[in-house]
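Notes to accompany the following structure.
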Amino acid sequence: MNTMKYDVIVCGAGIVGMATALALVRAGVNVALLAPRRAPEPMQGEQYHARVYAISEASQAFLASLGIWDAMPQERVTEVDAMQVNGDRDGQVVLHAWQAAKPHLAWIVESGEIERALFQALTIYGLPWINDTMQAWQPGQVTTADGATLQAQLFIGADGARSPLRSAAGMAHSKKDYGDKGLVTHLTCEKPHMNTAYQWFCNHHVLAFLPMPDTSEGHQVSLVWSVDDATADRFLQMDEATLALTLPQALDQVAQGCLGKLSVRSRLHGFPLTLEKAQMAASGVALVGDAAHRVHPLAGQGLNLGLGDVKVLAQTLNQKEAFRSYGELRVLERYARARAADVMAMRVATDGLYQLFSRELPALPLLRNAGMRLVQQLPWVKRQLIAGASGL
Ligand SMILES: Cc1cc2nc3c(=O)[nH]c(=O)nc-3n(C[C@H](O)[C@H](O)[C@H](O)COP(=O)(O)OP(=O)(O)OC[C@H]3O[C@@H](n4cnc5c(N)ncnc54)[C@H](O)[C@@H]3O)c2cc1C
């Protein structure tokens, strides 16, 4: 089989991998994508992709700069204008976009719609897409599952939390299993969500309702419920009829009728939750997205962190000195250094919040709810919280 040569090869075609390839091809880099090539299916009418993401202001601006934002059907994108965060007693923090003089706090977008827009853009740019998977790596070269040899100065691992490239290149990686799963599905709700994202931090679990477009069945929210594995598995194993009865009852115990009567609209999916961190750069290899880090979804920031990697890596590669190669460790270390603070801050914030609401110490419920009540009284702190979540 022939050996193919590029300057840069991106392994993995999730949102982060496709965004990396697009950012580089737009900058004129000789880049190829190595991943199974599947055109994301369009959803018809009132059907919605199972996965949705809260997209921060920084990610929205980045996707817009790539020409992706306006390519998505805007009627499927929901603006988040407020966030209501509830503690497990009387603590509550409500953040409004106007409190930080912003038009919106975030946007809820289906994964499939971002993927479709990225896939179309890559097709228009004629990006070489090698429909295969990475199997083995050695400096400057990978071998694919079909036995092809690909050479490049730089291989970018955008191949997800289990990153085969990270393992093959022997890059350091640590992982903590939360012993929880994130349950996701879409719900019909009786009351309008008012473009508000609702969240309840309870002892050992976090519940979120994310606003989605209204449908002929009624108002709609997307559920993200992080619960312990045993509870999650119990719901995941239920037949449709039992789930339709049991899940709304369980959610209502927490949400207390906040959005009125709830009913399940779509299949329930479960995702294991972990805290992971990897060495982001080595000679000839850089990692982006979940290959580089994974955080608890309680802040809805994992993909936003990954898109931040893409933006900084593309800038670093574009600004490198002409005499250096794309894979030179000195260049890639600039990228790793530039990302270290943001990745660390998100790990500390998400894991800290998780620990605060999962510890059994007797005084903690009192303290954390009192803390929330205090934040609710402090406009300056609220503005800092909004600025932190916007990723700018
Ligand atoms: C319940 C839940 C809710 C979440 N909500 C949010 C949210 O609201 N906002 C947010 O910002 N983030 C959220 N996240 C985080 C977000 O889902 C991830 O951070 C994001 O999907 C990571 O994207 P990725 O492209 O890095 O990885 P992936 O989506 O895992 O993509 C990896 C790709 O690599 C490919 N691949 C694997 N092996 C190979 C190989 N050997 N060769 C080539 N290709 C390969 C795979 O086929 C896949 O396409 C949430 C996560 C969970 C679990």
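Of the residues that sit in the range 48-93 and are basic (K, R) and part of a loop (DSSP other than H, G, I, E, B), which one is nearest to the ligand (Cβ to nearest atom)?
Per the criteria, the residue is R51.
Whether any residue in the range 150-170 is in a strand (DSSP E or B), more than 11 Å from the ligand (Cβ to nearest atom) and surrounded by fewer than 19 Cβ atoms within 10 Å (Cβ to Cβ) is what I want to check.
yes
Going through the range 130-143 one residue at a time, which ones are more than 13 Å from A169 (Cα to Cα) and more than 8 Å from the ligand (Cβ to nearest atom)?
I130, N131 - these are the residues of the range 130-143 that are more than 13 Å from A169 (Cα to Cα) and more than 8 Å from the ligand (Cβ to nearest atom).
Of all residues in the range 153-196, which are free of Cβ contacts under 8 Å to residues at least 60 places away in the same chain and of a type in the set (S, T, N, Q)?
S167, the sole residue that qualifies.
So for the range 231-252 (the condition being touching a residue at least 60 places away in the same chain (Cβ under 8 Å) and in contact with a Gly (Cβ under 9 Å, 6 or more places away or on another chain)), does at least one residue qualify?
Taking every residue of the range 231-252 in turn, none turns out to be touching a residue at least 60 places away in the same chain (Cβ under 8 Å) and in contact with a Gly (Cβ under 9 Å, 6 or more places away or on another chain).
Just checking, does the range 49-56 include any residue being β-branched (V, I, T) and either modelled with pLDDT under 95 or over 29 Å from G270 (Cβ atoms) (or both)?
no
Quick grid of which residues meet (1) within 16 Å of the ligand (Cβ to nearest atom); (2) among the basic types (K, R); (3) surrounded by fewer than 23 Cβ atoms within 10 Å (Cβ to Cβ):
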residue	(1), (2), (3)
L275	yes, no, yes
A292	yes, no, no
V295	yes, no, no
A299	yes, no, yes
V312	yes, no, yes
L317	no, no, no
F323	no, no, yes
Y326	no, no, no
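State the number of residues belonging to the range 15-47 that are among the aliphatic types (A, V, I, L, M), modelled with pLDDT of 95 or more, assigned to a loop (DSSP other than H, G, I, E, B) and under 21 Å from the mean Cα position of the chain (by Cα).
Number of matching residues: 1.
For the range 277-290, give me each residue that is outside any loop (DSSP other than H, G, I, E, B), surrounded by 18 or more Cβ atoms within 10 Å (Cβ to Cβ) and touching a residue at least 60 places away in the same chain (Cβ under 8 Å). Please lay out each step first, then the result.
We begin by selecting, within the range 277-290, every residue outside any loop (DSSP other than H, G, I, E, B); these are 277-278, 281-282, 285-287, 289-290.
When the remaining residues are screened for being surrounded by 18 or more Cβ atoms within 10 Å (Cβ to Cβ), the result is 278, 281-282, 285-287, 289-290.
Scanning the range 277-290 gives A278, A282, V285, A286, L287, G289, D290.
For the range 253-273, name all the residues that are surrounded by fewer than 21 Cβ atoms within 10 Å (Cβ to Cβ), at pLDDT 95 or above and either assigned to a helix (DSSP H, G or I) or more than 16 Å from the ligand (Cβ to nearest atom) (or both).
G260, K261, S263, V264
Let's see how each residue does on (1) among the basic types (K, R); (2) not in a helix (DSSP H, G or I):
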position	(1), (2)
L307	no, no
A314	no, no
R324	yes, yes
V331	no, no
A336	no, no
R339	yes, no
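Looking at L33, L105 in this structure, which one is buried (at least 20 other Cβ atoms within 10 Å of the Cβ) and more than 10 Å from the ligand (Cβ to nearest atom)?
After applying the criteria, what remains is L105.
Consider T144 carefully, then state whether it is touching a residue at least 24 places away in the same chain (Cβ under 8 Å), of a type in the set (S, T, Y) and under 19 Å from D159 (Cβ atoms).
Details: touching a residue at least 24 places away in the same chain (Cβ under 8 Å): yes; of a type in the set (S, T, Y): yes; under 19 Å from D159 (Cβ atoms): yes.
The answer is yes for T144.
Out of the residues in the range 1-30 that are within 11 Å of the ligand (Cβ to nearest atom) and among the β-branched types (V, I, T), which is surrounded by the most Cβ atoms within 10 Å (Cβ to Cβ)?
Checked the range 1-30; the qualifying residue surrounded by the most Cβ atoms within 10 Å (Cβ to Cβ) is V10.
Per-residue answers, yes or no, for (1) closer than 19 Å to P297 by Cβ; (2) of a type in the set (V, I, T):
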position: M212; (1), (2): yes, no
position: G218; (1), (2): no, no
position: S226; (1), (2): yes, no
position: L236; (1), (2): yes, no
position: A241; (1), (2): no, no
position: A244; (1), (2): no, no
position: V254; (1), (2): yes, yes
position: L259; (1), (2): no, no
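The values are calculated or read from the model by the stated rules, or taken from the named source; none is laboratory data. Only a predicted model underlies this, so the values are computations on that prediction, with no experimental measurement involved. Cβ coordinates were reconstructed from backbone atoms using ideal geometry, including for glycine residues, and neighbour counts include every protein chain displayed.
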